[in-house]
Amino acid sequence: MSDTNGPRALLTHIRVWLIVFVVCLALSGATAFPLVTELRLLDASLDGWASPVADLFPGLAEWIDRVEGGVRAADEQAPYLLYGTDWLAFAHLVIAVAFYGPYRDPVRNIWVVEFGMIACVGIIPLALICGPIRDIPFWWSVIDMSFGVIGILPLLHVRRKIKQLEAVRREAAHSGRP
């Protein structure tokens with residue numbers, strides 16, 4: 001058996017991919033905290049230094065302007081509504097912490113990776129159902145759905161590597177090797 005498929009190499013590979021996934025999950029969640037400021041800066045940039053992007057995608061610029069206005073109005077008139085985005089951010093961080101289980105013991109905690117995969121798949125019907133109800137442009141729902149598609153890719157890879165690690169460990173146990 002080559003060293004790249006040995007238990008130590010597989011464990012390292014799994015852990016690296018889990019770290020990448022967790023960092024991306026935590027960063028995407030953390031961006032929900034400063035939503036008002038982020039949208040103000042994004043909207044201003046589309047009117048300023050990023051105006052070529054706004055010229056290329058006028059629908060995007062209009063959407064960002066609309067969302068920024070709505071979030072600003074909510075912040076001024078009903079700031080408690082933004083508490084929901086704080087919970088969204090918190091949920092991302094809590095889910096990220098759950099991936100410490102597979103980091104410690106991937107075979108025993110593969111269920112966390114599978115849970116993450118289910119959550120990624122669940123993004124698609126959520127966007128397709130709730131997007132139209134909330135008057136979200138379809139193209140924005142496609143962007144939202146892409147998070148599920150992109151998110152599931154490393155998790156599928158990690159799950160496959162965990163299954164390989166499980167097989168290598170089982171083979172080693174049956175043969176009496178450490």
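Sorted by average packing, counted as other Cβ atoms within 10 angstrom per residue and highest first, what order do 89-102, 3-16 take? Let's see the in-between values first.
Details: 89-102: 16.5, 3-16: 14.5.
Answer by packing, highest mean first, reads 89-102, 3-16.
By average Cβ neighbour count within 10 Å, what is the ranking of 129-138, 41-50, 25-34 from highest down?
Peptide ranking by packing, descending: 25-34, 41-50, 129-138.
At what distance in angstrom do the alpha carbon centres of the range 1-40 and the range 103-129 lie from each other?
Between the Cα centre of the range 1-40 and that of the range 103-129, the gap is 14 Å.
Enter the mean projected area of the convex hull around the alpha-carbon atoms of the range 91-178, in nm², rounded to one decimal.
Here the figure is 6.4 nm², rounded to one decimal.
Hull surface divided by four, with the convex hull built on the Cα atoms of the chain: how many nm²?
12.7
Kyte-Doolittle mean at least 1.6 and Cα extent at least 30 Å along the axis: which DSSP H helices of the chain qualify?
On the way: long enough: 7-30 (34 Å, 1.62); 110-133 (35 Å, 2.15); 138-175 (55 Å, 0.27).
Span-like helices, by this rule, are 7-30, 110-133.
With the radius of gyration and the Kirkwood radius both derived from the Cα set of the range 30-108, what is their ratio Rg to Rh?
1.18
Every number in this text was worked out from the coordinates using simple rules, so none of it is lab data. It should be emphasised that the depicted structure is a prediction, and the values quoted were computed from it without experimental measurement. Quick reminder, even Gly has a Cβ in these numbers, built from the backbone with ideal geometry, and neighbours come from all protein chains shown.
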